[in-house]
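Right, one structure below, let's go through it.
The values are calculated or read from the model by the stated rules, or taken from the named source; none is laboratory data. For clarity, every value in this text was computed on a predicted model and none was experimentally measured. In this analysis, Cβ positions are derived from the backbone assuming ideal geometry, glycine residues included, and neighbour counts consider all displayed protein chains. Keep in mind that these areas ignore ligands, DNA and RNA; they rest on the heavy atoms of the full protein, side chains included. Shrake-Rupley method; radii C 1.70, N 1.55, O 1.52, S 1.80 Å.
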Amino acid sequence: MKLKRVKGTKDILPGEVERWRRLEEKIREVMARYNYREIRTPIFEFTELFAKGTGQDTDIVTKEMYTFLDKGGRSLTLSPEGTPPVIRAYLENNLGRRSPLKKLFYIAPMFRQENPQAGRLRQFHQYGVEAIGSPQPQIDVEVISLCVDIYQELGLDGLELKLNSIGCRDCRASYRTKLRNYLADKADELCAECQRRLTRNPLRCFDCKKEGCKLIMKEAPVILDDLCERCREHFQTVKEGLSDLGISFKVDPTLVRGLDYYTRTVFEVLGPGLGAQDALCGGGRYDDLVEELGGVPTPAVGFAAGMERLLLCLNEKENSPNSRPDLFLISLGLQAQRLCLRLIRKLRKAGLRCEMDFLGRSLKSQLREANRERASFALVIGDRELETGEANLKEMESGQELKVNWADIEGICSRIRGKDVNS
Ligand code: HAM
């Protein structure tokens, strides 16, 4: 039997890994400028955390979690999203103790048993932020601006930012009744899933992709018309703040998001050319979650962004320029190889990216390997070089050669850094 990777997972191979690292560097750089601190939570948590946090009625909890019992019979789940674990860690480690506003970010794999397709995986990666502690709409603006800045700095055009407010506990309760009343006499025309949603969380009917439901939802009342005064003001300030920063957005009153914890602001960024899986990121405010997970009432806002989808959008070259060795040490014979092992350690400690032969190959095939690896220089060491203490340093592209003292690590380094054997 041929061993295969699990459906919906991917190997990130050398060549592609460099693109991931560049992306991670950019994310960390922008996060640092916005003063968000990195947090790393375990890859699995007690299942209860997601049932309570993400929400009993969400697709994630009802259909998509990788849940298993450990040997002690405890139910554990591979994190399908980062928000509940971050809030759990925030509470468990008392992170709010010293700063009333805690700004955290993460980059981590997530697991959801969805139907895999382009841009939708069962193990995927997210970067995300959670700003915990401020009720002010200005922090919503900061979070959205951070989110947009990363895309802009990566040179991504053609994005669409969708924005909505789904109100607070109070105004949503009365809106929910209104929506239920609207849907009551149309229930038979709704799909089975939406019929279930109707009783539990009718707002989710806006997410249905079925034509019949979409048609019905087109005429449905929207929450924006039913916001309470404070939620309306909050939303207004978010919109003004974004406009002040020159961030364009489109208010979409049907944007409700598929997770249960949101309150007030919700947003998504859609990317170009992604087909059905076009949500690059999603987020919003969740003022009740900290309390629901056992803390004192603490407002919070955040987002998470899919990295696979982002990389699909970015049209970058495969190989980064720094993935090639500076120097390939070519050794002819065991004695020369022994010396090369000593030399290469020193050269690497001096900061050069070096490679040598570990297969006992001929001169010709070591040179071929140096070319295949696109090494900038090669240094050939055989019996004669062992005896004389001198060796030829060859610049691979020009073919120029220079005699060097192979024990002179500093000299070799400066030749290579100067990039020219004649300089
Ligand atoms: P989410 O909308 O479930 O939100 O996921 C955020 C992003 O993760 C999506 O927009 C998408 O780019 C990516 N994503 C989700 N599922 C998959 C998948 N199966 N394959 C590839 N990419 C995927 C959250 O996770 C919330 N925790 C966001 C948040 C943070 N809200 C407040 N704070």
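When the expected Rg is taken as 2.2 N^0.38 Å, what fraction or multiple of it is the alpha-carbon Rg of the chain?
For the chain, the normalised Cα radius of gyration is 1.29.
Can you check what the net charge comes to around Leu329, using other residues whose Cβ is under 13 Å from the Cβ of Leu329 (Lys, Arg +1; Asp, Glu -1)?
Every neighbour counted, the sum reads +2.
Using the C-alpha gyration tensor of the range 179-273, what are the square roots of 5 times its eigenvalues, in whole angstrom, with the largest one first?
For the range 179-273, the semi-axes come out at 28, 16, 11 Å.
Using alpha-carbon pairs under 8 Å, 6+ residues apart, how would you state the relative contact order of the chain in percent?
Across the chain, relative contact order equals 15 percent.
Going through the range 333-423, which chymotrypsin sites (Phe, Trp or Tyr not before Pro) have at most 13 other Cβ atoms within 10 Å and a DSSP loop state?
Phe358
Residue farthest toward the positive end of the dipole of the chain, with Cβ of Lys/Arg at +1 and Asp/Glu at -1: which of Ala279, Ala108, Leu379?
Leu379
Once Lys and Arg get +1 and Asp and Glu get -1 on their Cβ, which of Ser99, His125, Val143 lies farthest toward the positive end of the dipole of the range 17-145?
So the residue we want is Ser99.
If you keep only loop residues by DSSP, which GluC sites (Glu not before Pro) in the range 248-348 have at most 16 other Cβ atoms within 10 Å of their Cβ?
Glu316, Glu318
Between the range 13-62 and the range 163-211, what's the alpha-carbon centroid distance in Å?
Distance between centres, Cα-based: 30 Å.
I'd like to check one number: the per residue accessible area of the range 200-291, probe 1.4 Å, reported in Å² as a whole number.
Ligands and nucleic acids excluded, the result is 45 Å² per residue.
For the range 4-14, just list the computed ³J(HN,Hα) in residue order, Karplus coefficients 6.51, -1.76 and 1.60, θ = phi - 60°, integers in Hz, with x standing in for Gly and Pro.
10, 6, 5, 3, x, 10, 9, 8, 9, 8, x
Give the Rg/Rh ratio for the range 324-418, taking Rg as the radius of gyration of the Cα atoms and Rh as the Kirkwood radius, to two decimals.
In the range 324-418, Rg relative to Rh is 0.91.
Excluding Pro272 itself, calculate the net charge of residues whose Cβ lies under 10 Å from the Cβ of Pro272, where each Lys or Arg counts +1 and each Asp or Glu counts -1.
The answer is -3.
Once you charge only the Cβ atoms, +1 for Lys and Arg and -1 for Asp and Glu, what is the size of the charge dipole of the chain about its Cα centre, to the nearest 20 debye?
Rounded to the nearest 20 debye, it is 1100 debye.
Using only DSSP helix segments of four residues or longer, with each worth -39500 (n - 2.57), what per-residue ellipticity at 222 nm results for the chain after dividing by its residue count and rounding to 500?
So the helix-based figure for the chain works out to -11000 deg cm²/dmol.
Given Cα pairs under 8 Å that are at least 6 residues apart, what percent is the relative contact order of the range 324-418?
Relative contact order, the range 324-418: 32 percent.
About its Cα centre, what dipole magnitude does the range 193-313 give when the only charges are +1 on Lys and Arg Cβ and -1 on Asp and Glu Cβ, stated in debye to the nearest 20?
400 debye
Excluding Gly8 itself, calculate the net charge of residues whose Cβ lies under 13 Å from the Cβ of Gly8, where each Lys or Arg counts +1 and each Asp or Glu counts -1.
With Lys, Arg at +1 and Asp, Glu at -1, the neighbours total +3.
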